[in-house]
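What follows is calculated from the coordinates using simple rules that are stated; it is not laboratory data. Note that this is a predicted model, so its numbers are computed, not measured. Positions of Cβ are backbone-derived with ideal geometry, glycine not excepted, and every protein chain shown enters the neighbour counts.
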Amino acid sequence: EVLRKWESRYGFPVPLRDALGNRLYSGEDLSRLRLIKRLMDGGLRPAQVVALDHAQLLALVESAKPAPAPCQSHASSQLLSWLHLRDPSALRRNLQEELTRVGLETFIVEIIPSMNAEVGEAWERQEIFIRDEHMYTEIMQELLRGAVAQIAKPHASPRVLITTPTGELHTLGVLMLQGFLTSRGASCISLGAQTPAAEIGHASAEYQADIVGLSFSASFPKRRAEAILREVRALVPSGKELWAGGQGVTGLERDIRGVRIMRSFEQIEKGLERYRARGPARVGSVQNGLD
């Protein structure tokens, strides 16, 4: 509905139609829409960005980027070169070497976010393709699963059930959360992606989870995220905490009763410390971040 309004008001995007009349958008249109979303997430209004072409949008995004961190890893700076080799074995080997060099927690907290940003921006600049992004994600997930399996302690505490809600296909965030929590001594039970709210509620009880963690990517609609969190909170037993993290919830403006919005790994770390120090928080208390 929003895209139809933009088409009428700004002349973009103009879709093609298939034989059944369904709207189809080109790869170039999708790239522009992704840039528009980033700029709007940064505070710009549709009237300021929708009518701009790809080059103008990219220039705005680049001007809004912070200066690169001086401690950027060699692996992050070399990532695009590795992707352009189209050699999965070499990419896997190089990423594994970086993981081994810095350790799992640093790899998750510092290296992967930098690499994710590099891949996303390269796609927006049309320097790589969706297939390259998918290859990177698949190999990264493979490495994380292997690293987590080596250090997992099934009977550790707290026990955290992690997943994404229905409609959220991205699982890299779930694996990053699992890796971080495991490195901090928690026991994680992953349900993968797209678990219905009712199933999350049942699983939290049947697997005796202390905490339920949901991951939302930047592409997940914020209004829908709010509704899902309220629904899941009503289904998860009151003695269990509900945490939500990822770029899809970092911009939520309103507190959600009984939900802790985790905006950084530092907040997750503090959440674990708080849980271990005093046990589960009362569900009715203010849960936006860490109180």
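PHE107: net charge of surrounding residues, Cβ under 9 Å, Lys/Arg +1, Asp/Glu -1, itself excluded?
-2
Can you give the relative contact order of the chain as a percent, counting alpha carbon pairs under 8 Å and 6+ residues apart?
11 percent
Report the calculated FRET efficiency for ARG257 and SER89 (r = Cβ-Cβ distance, R0 = 45 Å), to the nearest 0.05.
It comes out at approximately 0.35.
First check a/c for the chain, with a ≥ b ≥ c the square roots of the eigenvalues of its C-alpha gyration tensor; if it is under 1.5, answer rounded, and if not, answer prolate when a/b is larger than b/c or oblate otherwise.
oblate
Once you sort the root eigenvalues of the Cα gyration tensor of the stretch 81-224 as a ≥ b ≥ c, which label holds: rounded (a/c under 1.5), prolate (a/b larger than b/c) or oblate (the other case)?
oblate
Taking the Cβ of ARG32 as the center, what net charge do the other residues with Cβ under 13 Å away carry, scoring Lys and Arg +1 and Asp and Glu -1?
Counting the neighbours of ARG32, the net charge comes to -1.
Between the alpha-carbon centers of the stretch 80-107 and the stretch 203-217, tell me the distance in whole angstrom.
Here the two parts' Cα centres lie 30 Å apart.
Among GLU226, GLU168, GLU28, which one shows the biggest mean-square fluctuation in a GNM of the chain, springs joining Cα atoms closer than 10 Å?
Top of the fluctuation ranking is GLU28.
Pick from PHE107, PHE180, PHE12 the residue whose mean-square fluctuation is largest in a GNM of the chain, springs joining Cα atoms under 10 Å.
PHE12
By per-residue mean of other Cβ atoms within 10 Å, what is the highest-first order of 269-278, 112-121?
112-121, 269-278
Equivalent ellipsoid semi-axes for the stretch 138-291, as square roots of 5 times the alpha carbon gyration tensor eigenvalues: give them largest first, rounded to whole Å.
Calculated on Cα positions only, the semi-axes equal 21, 18, 15 Å.
What is the sum of charges, Lys and Arg at +1 and Asp and Glu at -1, for the other residues whose Cβ falls under 15 Å from the Cβ of ALA75?
Value of the local net charge: -1.
Given the options GLY251, GLY173, GLY146, state which has the largest fluctuation in a GNM of the chain using a 10 Å cut-off (strictly under) for Cα springs.
Result: GLY146 has the largest fluctuation of those listed.
Using only Cα atoms and rounding to the nearest 10 degrees, what angle (0 to 90) does helix 74-84 make with the longest principal axis of the chain?
50 degrees
When the dipole is taken about the Cα centre of the stretch 153-278, and only Lys, Arg (+1) and Asp, Glu (-1) are charged at their Cβ, what size is it in debye, to the nearest 20?
280 debye
With a/c under 1.5 counting as rounded, go ahead and sort the stretch 2-64 into rounded, prolate or oblate using the C-alpha gyration tensor (a ≥ b ≥ c being the square roots of the eigenvalues; past the cut-off, prolate if a/b is larger than b/c, else oblate).
Prolate is the answer for the stretch 2-64, as a/c is 1.5 or above and a/b outweighs b/c.
Quick one: compute the contact order of the stretch 1-124, relative version, from alpha carbon pairs under 8 angstrom and 6+ residues apart, as a percent.
So the answer I get is 21 percent.
For helix 112-124, what angle does its Cα long axis make with the longest principal axis of the chain, in degrees from 0 to 90 and rounded to 10?
The answer is roughly 20 degrees.
Using helices alone, what [θ] at 222 nm do you get for the chain, with -39,500 (n - 2.57) per DSSP H run of 4 or more residues, divided over all residues and rounded to the nearest 500?
-16000 deg cm²/dmol
Sticking with the crude label model, points 7 Å out along Cα→Cβ, report the distance from ALA55 to MET40 in nm, one decimal please.
Placing both labels 7 Å beyond Cα along the Cβ direction yields 2.5 nm.
Which angle from 0 to 90°, rounded to the nearest 10, does the C-alpha axis of helix 172-183 make with the longest principal axis of the chain?
30 degrees
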